[in-house]
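What follows is a short report on a single structure.
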Amino acid sequence: MRFAIDTLDEAGNSRIYIGVPLGRSGGKLRLQLRNGETELDIERITDWFQIDQTTSLDRGELFY
C-alpha cells in the first residue's frame, strides 16, 4: 500500500515522497520508492495520506 509522505528538509523546503513503508528503526522510516529505497527522519514528517486502498477496504498503517 502506497502513501504520500510530506517532509521538511534541512533548508525548510517541503518534499513529498510516494512509496510503501518497509518499517522503522532508530527514528527513521524506511520507504520503498519506485526506483529504490530511502530513509526519512520521522521528526521531519509533517503529513501523510494513503494513496491505495486495500482489498478489504480498511485503512493501511504508516507506522506498524
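Quick notes on this one:
- Selection of strands (runs of 3 or more DSSP E) fully inside the chain by the criterion of at least 2 residues being of a type in the set (S, T, N, Q) and modelled with pLDDT of 90 or more returns 14-25.
- Neighbours by Cβ (under 8 Å, 6+ apart or cross-chain): first from the range 1-25, within 12 Å of W48 (Cβ to Cβ); second assigned to a loop (DSSP other than H, G, I, E, B) and among the basic types (K, R): I18/R2; I18/R34; G19/R2; G19/R34
The values are calculated or read from the model by the stated rules, or taken from the named source; none is laboratory data. Everything quoted here is computed from the prediction, not taken from an experiment. Backbone-built Cβ (ideal geometry, glycine too); neighbour counts: all protein chains shown.
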